[in-house]
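Taking it in order: structure first as structure tokens, then the write-up.
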Amino acid sequence: MAKKPAAKTKTPDAGNLAAIDDPDFALKSLQEEFEKNKTFDASEEQMLHFYEQMLLIRRFEERAGQLYGLGLIGGFCHLYIGQEAVAIGLQSALDNDRDSVITGYRDHGHMLAYGIDPNVIMSELTGRQAGISKGKGGSMHMFSTEHKFYGGHGIVGAQVPLGAGLAFAHKYNEDGGLTLAYFGDGAANQGQVYEAFNMAALWNLPICFVVEDNQYAMGTATKRSSAETRFYRRGTSFRIPGMEVDGMNVLEVRQAAEVAFKHIREGNGPVLMECNTYRYRGHSMSDPAKYRTREEVQDQKEHHDPIERIKKTLIEKGKSEDALKDIDKGIRTRVSEAADFAENSPEPEAAELYTDVLVEEY
Amino acid sequence: MATELKMPALSPTMEEGTLAKWLKSEGDKIEIGDIIAEIETDKATMEFEAVDEGTLAKILVDEGTEGVAVGAVIAMMADEGEDVGDVEAPSASAAESSDEKDDVEGEGKDVGQEPSEAEVTETAEKPTRSPASDPAIPEGTNMVSTSVREALRDAMAEEMRRDERVFVMGEEVAEYQGAYKVTQGLLDEFGAKRVVDTPITEYGFAGLGTGAAMGGLRPIVEFMTFNFAMQAIDHIINSAAKTNYMSGGQMRCPIVFRGPNGAAARVGAQHSQNYGPWYASVPGLIVIAPYDAADAKGLMKAAIRSEDPVVFLENELVYGRSFDVPELDDYVLPIGKARIVREGSDVTIVSYSIAVGLALEAAEELAGQGIDAEVIDLRTLRPLDKETVLESLKKTNRMVVAEEGWPTCSIASEIVAICMEDGFDHLDAPVTRVNNADVPLPYAANLEAMALIDTASIIKAAKKVCYIEE
Ligand SMILES: Cc1ncc(C[n+]2csc(CCOP(=O)(O)OP(=O)(O)O)c2C)c(N)n1
Ligand SMILES: [Mg+2]
């Protein structure tokens, strides 16, 4: 499975030059390809769908924030508001019959992107039996194996080698699938991420590593934690091509996905994509909010909001403001229903305490 | 109908806060997402966003007011088409006060949150289990002397032939044939796709293996020794052991983490540790630590077939020992079942892994002194076969636990607890632990010998619980 080490056949003076001249060493090729055209040529119908999906995430998360305030959701609750274009842009390009997705604890948006019933997601947040993990996982631990969505992981960076393992399984089974593994700018400094990069490149695994760079890891700005803040470059030493993408623009994210997934599906191994984005809300629910200015947040909301951006495009294309407002109304109704359902569903049966610890009986 | 705007909580532990600022005035039109007000506590600030549209009809709490209770109505909003003048303030505040709770900084978790008020009608009880017995070995079955090393390899090879999804990965498992030659010959038979040499990146490949199990494969992840699995323990426990539970039974993780465990010979403190008690404390894991070759084979095959994550603890010093293994097409043993390796009536010696050999030696010597010892090999450390332990205690009324590992919070401690809780009436003497010395394992030959469990200390303890003077 591993590529034959080229070094064995190298003469001493072929040395370093060989690496530079190596025609396979096309680290910039994907970015160059992407630069040629950064905007996905979406039909109006597709754009409308992106708008709807992003808005669903936004309204769902707003509601989750409210339920948290009311004490119906406990523990950690990491909202995805502001980052919607990343999950929608990327996941809309997947082949859901084959591909798999894995992420960290900020996972509600990725679940919604699959069109999974908001009721079961919200009920997981409120810890009810009807939740997708029977209320046993909570906000950070959501899974839908039916959709090949593998969670939902609370240890920063852990999902990266897990994702490489899912990709290993795709390759092993020759099922043609690829894995999309998301992680944060903070997670990007974990050692295991590079262990995974190395193995993924070494074994040519079908995986797209995506850094969701929302500029902060809790209260730490990337420049305070990272010597190299342009994360797409960090695959260089593993010969993984990088791409830098505006994560606040759903059409750009989608176009980047087209380029990256094609590369991966053609058997060229992993891609490292950096999506620059921003989270509007606190890291989790209580957040000191002292590490950035209100003006900074306001600027992002006013000038870079991914939903406003696609809305503007839709209006330019002739959609009426009222029609879009009706969509919003419909979504709000749907989210309210989910909230009511999640509030009124029963908690798990006491007997569930001892179920699912193991699969088999011994 | 007018909508009440209530003081929000920044966390479930927040009781009250300051209404720092109104960003909208009475009569202002409000759109969804507009920031209406700013709320503060001593730790955090929050912008209060509108989730409905309408007109701000009445402000009931002035800006700058401190100590506003969570849930108190702070303003009224008129819905579309409603006359602002018609909106009335509610008569009583909806907020209830409760005891002070500590709010802690950090990620915002709800330390101190009241438990749910929902009635729990039934109390949950951990289901009891009774493990299956070993399959009967048909009369006339040929017994073949096999080393533990070969038995383990044979088990893996048989399962790899049987199930395409099974693959082995680890450092030096393929071309080098295994650091301790346990994977010898596997590369030749199964090829590089299924016998994978990894970089030295335990955390990474334990995670990758776990992900592959989640993705439907059946990985066998070899740690060169379990000392290096400390690099990877996060994935074993947080990723592999807990996933099934956290996903409500959706997402399985059928993986085997295997390799030598416990003290080897003269390798010093960092390479000599028994991780049995560590992993055995984790719900969601299966922990197996066999002693002889037949058990190693039968349990390894069971481990690979299990739908659950298994930690399979081998022992370097035992790899080369040979034992009879039944020559059968498919010798699979039940997980979770201890084995009585020597029957006796005076005292029970409970043990596992390498210490079983010492326990058997001790039993031989004790027999010479007129003491008839029963020896139990636990084989599986989690789930632990309490039944077999307690049945033996009923018979002998005296018990010693022999374990190559530290005494504190050990498997021996667990056996003592089981006997106290469920076997108290059958005890004629305190259950006694025989373990290694409670120190990092020294390198010097003499000190190492002093630190490790030996036959003499087992004999001494057995006599002590029998109240026989030396
Ligand atoms: C191994 C580990 N260390 C620390 C934490 C605590 N923690 C949770 S989220 C987080 C910040 C991660 O930031 P980033 O990767 O940028 O993701 P974001 O939250 O911005 O999506 C930290 C430090 C953890 N969960 N796991
Ligand atoms: Mg971040």
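Checking A:I121 against (1) at the interface with chain B (Cβ under 9 Å from one of its Cβ atoms); (2) over 24 Å from B:R165 (Cβ atoms); (3) more than 16 Å from ligand 2 (Cβ to nearest atom), which test does it fail? All conditions pass for A:I121, except number (1).
Look through the stretch A:261-280, keep the residues that are within 30 Å of B:L10 (Cβ to Cβ) and crowded, with 23+ Cβ neighbours inside 10 Å, and return whichever of them is farthest from the other protein chains (Cβ to nearest Cβ). Out of the qualifying residues, it is A:C275.
Look at the stretch A:201-219: where a residue is within 12 Å of A:F238 (Cβ to Cβ) and a partner is more than 16 Å from ligand 2 (Cβ to nearest atom) and among the basic types (K, R), sitting 6+ places away or on another chain with Cβ atoms under 8 Å, you get A:A201/A:R239; A:L202/A:K3; A:W203/A:K171; A:N204/A:K3; A:N204/A:K171; A:L205/A:K171.
Each row is one residue, and each column tells you yes or no for (1) within 12 Å of chain B (Cβ to nearest Cβ); (2) of a type outside the set (A, V, I, L, M, F, W, C).
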site: A:D299; (1), (2): no, yes
site: A:H304; (1), (2): no, yes
site: A:K319; (1), (2): no, yes
site: A:P348; (1), (2): yes, yes
site: A:A351; (1), (2): yes, no
site: A:T355; (1), (2): yes, yes
site: A:E360; (1), (2): yes, yes
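Taking A:D213, is it touching an Asp or Glu at 6+ places or on another chain (Cβ under 9 Å) and either more than 16 Å from ligand 1 (Cβ to nearest atom) or of a type in the set (V, I, T) (or both)? Here the answer is no, as A:D213 does not meet what is asked. Output yes when any residue across the stretch A:221-238 is buried (at least 21 other Cβ atoms within 10 Å of the Cβ), away from ligand 2 (no atom under 16 Å from the Cβ) and either within 14 Å of another protein chain (Cβ to nearest Cβ) or hydroxyl-bearing (S, T, Y) (or both), and no when none is. No; the residues of the stretch A:221-238 include none that is buried (at least 21 other Cβ atoms within 10 Å of the Cβ), away from ligand 2 (no atom under 16 Å from the Cβ) and either within 14 Å of another protein chain (Cβ to nearest Cβ) or hydroxyl-bearing (S, T, Y) (or both). Mind listing just one residue for me: the one in the stretch B:338-391 that is surrounded by 20 or more Cβ atoms within 10 Å (Cβ to Cβ), touching an Asp or Glu at 6+ places or on another chain (Cβ under 9 Å) and among the hydroxyl-bearing types (S, T, Y) and, of those, farthest from B:G259 (Cα to Cα)? Among them, the one singled out is B:T348. Note on the stretch A:165-188: among residues that are within 11 Å of ligand 2 (Cβ to nearest atom) and assigned to a helix (DSSP H, G or I), the one that is surrounded by the most Cβ atoms within 10 Å (Cβ to Cβ) is A:A188. Number of residues in the stretch A:204-220 that are surrounded by fewer than 21 Cβ atoms within 10 Å (Cβ to Cβ) and away from ligand 2 (no atom under 16 Å from the Cβ) equals 1.
Scanning the stretch A:134-149 for residues that are touching a residue at least 60 places away in the same chain (Cβ under 8 Å) and within 13 Å of ligand 1 (Cβ to nearest atom) yields A:S139, A:M140. Residues in the stretch A:140-154 that are touching a Lys or Arg at 6+ places or on another chain (Cβ under 9 Å) and assigned to a loop (DSSP other than H, G, I, E, B): A:M140, A:H141, A:K148. Within the stretch B:413-447, the set of residues being part of a helix (DSSP H, G or I), surrounded by 13 or more Cβ atoms within 10 Å (Cβ to Cβ) and of a type outside the set (A, V, I, L, M, F, W, C) comprises B:S413, B:E414, B:D422, B:H426.
Going by the structure shown, is B:D372 farther than 29 Å from B:W278 by Cβ and out of contact with any Cys (no Cβ under 6 Å at 6 or more places or on another chain)? Here the answer is yes, as B:D372 does meet what is asked. Looking across the stretch A:194-210, just one residue is away from ligand 1 (no atom under 14 Å from the Cβ) and more than 14 Å from chain B (Cβ to nearest Cβ), and that is A:C208. Taking the stated definitions as given, is A:L67 touching a Pro at 6+ places or on another chain (Cβ under 7 Å) and either among the aliphatic types (A, V, I, L, M) or assigned to a helix (DSSP H, G or I) (or both)? In short, no.
Looking at the stretch A:191-201, can you tell me whether even one residue there is within 16 Å of ligand 2 (Cβ to nearest atom) and modelled with pLDDT of 95 or more? Yes, the stretch A:191-201 has at least one match.
For the stretch A:111-137, which positions are crowded, with 22+ Cβ neighbours inside 10 Å, in a loop (DSSP other than H, G, I, E, B) and within 18 Å of the chain's Cα centre (by Cα)? Hit for the stretch A:111-137 is A:A113, nothing else. Among A:G152, A:G163, A:G157, which is the only one that is within 12 Å of chain B (Cβ to nearest Cβ), within 12 Å of ligand 1 (Cβ to nearest atom) and touching a helix residue (DSSP H, G or I) at 6+ places or on another chain (Cβ under 9 Å)? Result: A:G157 is the single residue among A:G152, A:G163, A:G157 that is within 12 Å of chain B (Cβ to nearest Cβ), within 12 Å of ligand 1 (Cβ to nearest atom) and touching a helix residue (DSSP H, G or I) at 6+ places or on another chain (Cβ under 9 Å).
The values are calculated or read from the model by the stated rules, or taken from the named source; none is laboratory data. This structure is a prediction, so every number in the text was calculated from the model and none was measured. Cβ: placed from backbone, ideal geometry, glycine included. Neighbour counts: every protein chain shown.
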